[in-house]
Amino acid sequence: MPKLGVNIDHVATLRQARGGIEPDPIEAVLVCEKAGCDSIVAHLREDRRHINDRDVIELRKRIDTRFNLEMSINPEIVDIAQRIGPDQVTLVPEKRQELTTEGGLSVIKYEKKLVRITELFREKGIDVSVFIGTDKEEIRAAIYIGIGTIEIHTGEYSLAQDKKSMDREFKKIKSAAEYAMSKGLIVNAGHGLNYTNVKRIADIKGMNELNIGHSIISRAVFTGLYSAVKEMKALCS
């Protein structure tokens, strides 16, 4: 069964709504790990709209499972990530005006930059993943530059409004995942997955990890974070 990575960005979003210190993302980490998650995900955005520099320093100290830092390829963020030393970085596209990450990073477009960045993290013993769409040309580009892990963007699947559209997007994800795994890549998936659509993705044979945040934090408002993580973990099994 795939592992579950819990993205805690929206705990920080709630904190930032009042500009105070509560809720503390570190407390969320402790609950998520107690509930059985396999990794903690946090996105240090260039505008620091939720997770901030202090958060990632404290997260590195307190996470007992695995720390997956989502980040752009901005030089400042790359420098911070090297100093913090997460277990893994997941390289994502980033636009200041977007509400959330809108698609995959083009490995083809940023090939030269990604080669340099990947080498920098490898020297630090940090695993590198790229967040990409289902285009097999992009998967081949990731293989070409030596990236061993990809995370497939599931946003279009999650936003599908009818069964036909959902089936179409699922087939793209499944085909891309199977192709990548046949080439030796570790395959993760995430973005928009929730309690009603996650099972189908979790059932893709060989899927390594599902990274989920918004739906878990939303459910936690009503059930508590521990129960929300336990329920999602069960759906991934």
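The values are calculated or read from the model by the stated rules, or taken from the named source; none is laboratory data. These figures come from a predicted structure and were not determined experimentally. Note that each Cβ is placed from the backbone with ideal geometry, even for glycine, and that neighbours are counted across all protein chains shown. Ligands, DNA and RNA are stripped out before the accessible areas are found, and what is left, the full protein with its side chains, is counted by its heavy atoms. Shrake-Rupley method; radii C 1.70, N 1.55, O 1.52, S 1.80 Å.
List of remarks:
- Hits in the range 10-21 (condition: farther than 23 Å from A234 by Cβ, at pLDDT 95 or above and not aliphatic (A, V, I, L, M)): T13, R15, Q16
- Yes/no for R49 being under 25 Å from S218 (Cβ atoms), basic (K, R) and at pLDDT 95 or above: no
- Within the range 111-135, the residues that satisfy the criterion of being open to solvent by less than 70 Å² (accessible area, probe 1.4 Å), over 20 Å from N68 (Cβ atoms) and part of a helix (DSSP H, G or I) are E111, V115.
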